[in-house]
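Attaching a single structure in structure tokens format; questions to follow.
The values are calculated or read from the model by the stated rules, or taken from the named source; none is laboratory data. All of these numbers come straight from a predicted model, not from anything done at the bench. Heads up, the Cβs are rebuilt from the backbone with ideal geometry, glycines too, and the neighbour counts pull from every protein chain shown. When the accessible area is computed, the model is the full protein with side chains, heavy atoms only, and any ligands, DNA or RNA have been set aside. Shrake-Rupley method; radii C 1.70, N 1.55, O 1.52, S 1.80 Å.
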Amino acid sequence: PLSISCMLLCICICSTTHQVSGFINSQSSITTSSSSSSYHHHRHLYPSSSSTSTSLSYAIVYPEDDNPSNEPIDPIPLDLAEDATREVTKMMLWAEAMGVQRGTGCTLSPESNDIHKDVHVVAKEDLPNGSPVLYVPEELILSSNKAMVEFRYSEDMMEEFLLAENMQLAEGMIYNLQKESEIRYFYLMLKILKEVEKGKDSVWFHWLDSLPRFYSNAVSMSPFCLLCLPPLMKKLAQEERENVNCLVSSINMVPFLSDAIKDHPREIVQWAYQVAYTRSIITEDGDLRIIPVGDYFNHGSEYTEIDYSFDEEGNYYSYTSYDVPAGSSLRVCYADPKNPSFLLTRYGFLDKACPASFCKIMPDDVNEEMVELGYSYDRMLFFATGEVADEVWDVILYSNLGLLGDVEDQQALMNAHRQGDSDTKAMLHEKHYEATSTTLMEHIDMFIEELDKLIDKANTVGSERTYVANEHPRLPLIIEHNRFVRDTFLNVRNRYFADSDSKNWIEATRVTIMECNEEECAQAECLQDMEGNYECEGGLGVDENGTERATSKEIIASY
């Protein structure tokens, strides 16, 4: 037996995995069983394959625990406290034992167990284009398609009838709330919860025990945090929270899921939502799949180091997409890289490498012609360089012409757009440029002012770091997001309206600085000259030797 931190892992070997070319064969075998299956395959949905199918069996034996404190034992052995240790080392040993193979030049960083740190895949040596990175056998992949089969169907007709009746009630709630697009996430969540319910008997226990407990996305934000979000992000956050409320309620209607899961004080169902939504990928046929170990690739915006695919049997392969230098993070793309607000709302991180951001123009009524001109979150863009997407100019011009009642020019714009007549479009933009540019500038100024108010609101919770960390731990990230978006808007204003007589955002000279040392923090109101020098009032001041007491300074607002 292999001893791992006083834990015995017993691997029962019934058949042998194949060695994938270019990968490390971490273990020569994978546990299989012909009599039991993690998923019940239904002949109408999954036709039989000519290859031999296998299922997983992973026996875990733990030593006796005397429990000398005689405290109540949590029936769920997975510690989901936000400060719980992520057992990454045990997960990697488990993955190797279960047939996961990796290329020689990559590893997880950090390799030790951690609580909050980002754990991700990195290249530990130069990797040429096309280098093998990871192989995960199909049996280890969690899938919404397979979960639907497991929880909807059975070879026993009476059992299948009961399953269908039970799931019809849970699905009915989802459809009644018009959340049918979330059905696959519901089944993936249910699969995760059933494995959590099995505890240490679950094949996936060590993978589950390695996952994050602390999230910074919309579902985990406090009510005060939500008040500090700009309009688009608040709208996205509301949608996320509606989704989790719907799916949690539906999960609670599943009779074969234990009350220990449904009523757990750590909100296990909400945690399963986080896992399903942040770690799954969507395949071409709409299946949601979570790839153990493959879910440790970070997100990349401008480019990604990893390409992945599935073979006919559903096995997962990933390779480098270009020559990757040693020390580089190996990344895939989670979602549209031009929408940092969505990435923060769904995944809980701010990607400052985003090349562009939605312009935040949100009319009360968006008609079909505006959509035809390009009104969408992924096309109405302000770029980090300060450039404005053509779709923004087109939609503003169209809207202004509508407000003026200039139907003739409005339809001339639509006809030119449909016919690809760039000369006519350019003529119309030049004719109405003064009004269009004024509308754009006013929108930028108003939104920057709104962001400043939201940043000020966020700072009203106080400067005491312990209080913020305990009560609103996601708040600093929200402030950082709002400043990031503000900088993008400033770049646009500087590029197009640098000589404007309206409020001069370019040369904002009054700033609020948070000064901190190991014991306390205090705000200082400062004036900054053109050379970057500060003259401040307030803050921590100096000690009796004339030395500044502050060990760190951070600009929290500028005016």
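Considering only protein heavy atoms and a 1.4 Å probe, what is the carbon-and-sulfur percentage of the accessible area of the stretch 199-253?
Numbers: 900 of 1680 Å².
Here it works out to 54 percent.
For GLU267 and GLU242, compute 0.36 nm times the residue count separating them, minus their Cα-Cα distance, and round to one decimal in nm. Walk me through the intermediate numbers first.
Details: separation 25, 0.36 × 25 = 9.00 nm, distance 1.62 nm.
Roughly 7.4 nm would be gained on extension.
Using only Cα atoms, what is the ratio of the radius of gyration of the stretch 142-273 to 2.2 N^0.38 Å?
Numbers: Rg = 16.0 Å, N = 132, 2.2 N^0.38 = 14.1 Å.
In units of the 2.2 N^0.38 Å rule of thumb, it is 1.14.
The stretch 394-458: Rg/Rh from Cα coordinates, Kirkwood Rh? Walk me through the numbers before you get to the answer.
Numbers: Rg = 15.5 Å, Rh = 13.2 Å.
Rg divided by Rh gives 1.17.
Could you tell me which GluC sites (Glu not before Pro) in the stretch 275-358 are loop residues by DSSP with no more than 12 other beta carbons within 10 angstrom of their beta carbon? Before the final figure, lay out the partial values.
Values: sites: GLU284, GLU302, GLU305, GLU312, GLU313; in loops: GLU284, GLU302, GLU305, GLU312, GLU313.
Of the GluC sites (Glu not before Pro), the ones in loops of the stretch 275-358 whose Cβ has at most 12 other Cβ atoms within 10 Å are GLU284, GLU302, GLU312, GLU313.
I need the Kirkwood Rh of the stretch 272-389: take the reciprocal of the average 1/r across all distinct C-alpha pairs and report it in angstrom. Show your work: numbers first, answer last.
Details: mean 1/r = 0.0605 Å⁻¹.
Taking the inverse mean of 1/r over all distinct Cα pairs, the stretch 272-389 comes out at 16.5 Å.
Give, as a single signed number, the net charge of other residues whose beta carbon lies under 12 Å from the beta carbon of PHE489, with Lys and Arg counted +1 and Asp and Glu -1. Please list the in-between numbers first.
Numbers: positive: LYS360, ARG483, ARG486, ARG493, ARG495; negative: ASP445, GLU449, GLU450, ASP452, ASP487.
Around PHE489, the charge tally is 0.
Over 23 Å between Cα atoms: which of LYS90/LYS146; LYS453/LYS553; LYS146/LYS194; LYS235/LYS352; LYS179/LYS262 fall into that group? Could the numbers behind the result be given before it?
On the way: LYS90/LYS146 26 Å; LYS453/LYS553 21 Å; LYS146/LYS194 13 Å; LYS235/LYS352 21 Å; LYS179/LYS262 21 Å.
Among LYS90/LYS146; LYS453/LYS553; LYS146/LYS194; LYS235/LYS352; LYS179/LYS262, the Cα-Cα distance tops 23 Å for LYS90/LYS146.
So for each of 272-278, 239-245 I average, over its residues, the number of other beta carbons within 10 Å; can you give me the resulting order with the highest mean first?
Values: 272-278: 23.6, 239-245: 17.0.
Listed from highest to lowest mean packing, they are 272-278, 239-245.
To continue, here is another question. To the nearest 20 debye, what is the magnitude of the charge dipole of the stretch 338-476 about its Cα centre, counting +1 on the Cβ of each Lys and Arg and -1 on the Cβ of each Asp and Glu?
860 debye
Could you run the Karplus curve 6.51 cos²θ - 1.76 cosθ + 1.60 with θ = phi - 60° over the stretch 367-373 and give me ³J(HN,Hα) per residue in whole Hz, x for Gly and Pro?
Karplus values, whole Hz, x for Gly and Pro: 8, 5, 5, 5, 5, 5, 6.
Calculate, axis by axis, the spread of Cα positions in the stretch 294-348 along the three principal axes, and write the results as whole Å, longest axis first.
35, 29, 17
In the stretch 320-426, carbon and sulfur make up what percent of the accessible area (probe 1.4 Å)?
On the way: 2350 of 4760 Å².
Percent of accessible area from carbon and sulfur atoms in the stretch 320-426: 49.
Please work out the average accessible area per residue across the stretch 358-475, using the 1.4 Å probe convention, and give it in Å². Mind dumping the intermediate values first?
On the way: 6170 Å² over 118 residues.
Heavy-atom SASA per residue in the stretch 358-475 reads 52 Å².
Sort the following peptides by mean Cβ neighbour count (other Cβ atoms within 10 Å, averaged over residues), highest first: 188-196, 213-221, 317-325, 423-431. Please report the intermediate quantities before stating the final value.
Details: 188-196: 24.6, 213-221: 21.1, 317-325: 18.1, 423-431: 14.2.
The most tightly packed comes first, giving 188-196, 213-221, 317-325, 423-431.
What distance in nm separates the two pseudo spin-label positions at ASP365 and HIS120, each 7 Å out from Cα along the beta-carbon direction?
4.5 nm
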